[in-house]
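Each reported figure results from applying straightforward, stated rules to the coordinates on display, with no laboratory input. It should be emphasised that the depicted structure is a prediction, and the values quoted were computed from it without experimental measurement. Note that we place each Cβ from the backbone using ideal geometry, even for glycine, and neighbour counts take in every protein chain shown.
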Amino acid sequence: MLLLLALAGLLTGCAELLPKSKAETEAIWSSFDEARAAIDRIEPYKTTRSDLRARGIGVERDPTITLLSHVDVAIRFPIGGVLRAEDVDPGIRDCLKAGKACNAYQINVRRTKRDRVGNFWLDTFRFRREVDVSGWTFNGLILFVDDVAVYAVYGGQPTIHEVEVERNPLGPLQGWGDWAASKALP
């Protein structure tokens, strides 16, 4: 009886033996809502680069930020082609007119967690693997003329929840044909 209890305890705790992983961009925000609120606090033509730096947003400290040149900004907003100048936000228009005085912060944050769930033995022998993926992504763009923010926008995926299932009816033998073919060919 004691042996059966020990075996049952071992089998129920086996799911904890499955691999887990996280992918995080080091950022000052711990959620999509925090990041959105930070961008929403930017007041065009009032918020300065030093104001943002005081809030923790700056290329010096934040690995989520890419500094874009005026050329990068012009490529993103092709005024004169599909867009007319009067159809875009005044901040975008003023930034493009400023030439080299225009630059931008592009912000990209990704926080995801991958947990293998399900039966330990089916997973170990590759019969069935199930991965629960959860997290969020955030991207933002802040345009500057000199050191004044003139435009800010954000996007992303506030909630990620995906389930990946890999099923191999032959388990560890599933790929033997490919392996054998690779060994047979000179």
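May I ask for log10 I(q)/I(0) of segment 46-122 at q = 0.15 Å⁻¹, from a Debye sum over the Cα atoms as equal point scatterers with solvent left out? Log10 I(q)/I(0), no solvent term: -0.67. Per the Debye formula with a single identical scatterer at each Cα and no solvent contribution, what log10 I(q)/I(0) holds for segment 64-186 at q = 0.12, 0.13, 0.16, 0.18 Å⁻¹? After summing over all Cα pairs, the log10 values are -0.66, -0.69, -0.81, -0.94.
Taking 0.36 nm per residue of separation and subtracting the Cα-Cα distance, what length does fully extending residue 21 through residue 139 add? Please list the in-between numbers first.
Working: separation 118, 0.36 × 118 = 42.48 nm, distance 2.23 nm.
The span from residue 21 to residue 139 would gain 40.2 nm if fully extended.
Protection proxy ranking of 32-39, 148-155, by the mean of other Cβ atoms within 10 Å over each peptide's residues and highest first, is 148-155, 32-39. Inter-part distance, segment 59-90 to segment 153-169, computed on C-alpha centroids, equals 29 Å. Across segment 59-170, the relative contact order, built from alpha-carbon pairs under 8 Å that are at least six residues apart, equals 25 percent.
Rounded to the nearest 0.05, what FRET efficiency do residue 71 and residue 164 have when you use their Cβ-Cβ distance and R0 = 30 Å? Before the final figure, lay out the partial values.
Values: r = 39 Å, r/R0 = 1.31.
That pair, residue 71 with residue 164, gives E of 0.15.
Spin-label model, residue 54/residue 114: points 7 Å from Cα along the beta carbon direction are separated by 4.2 nm.
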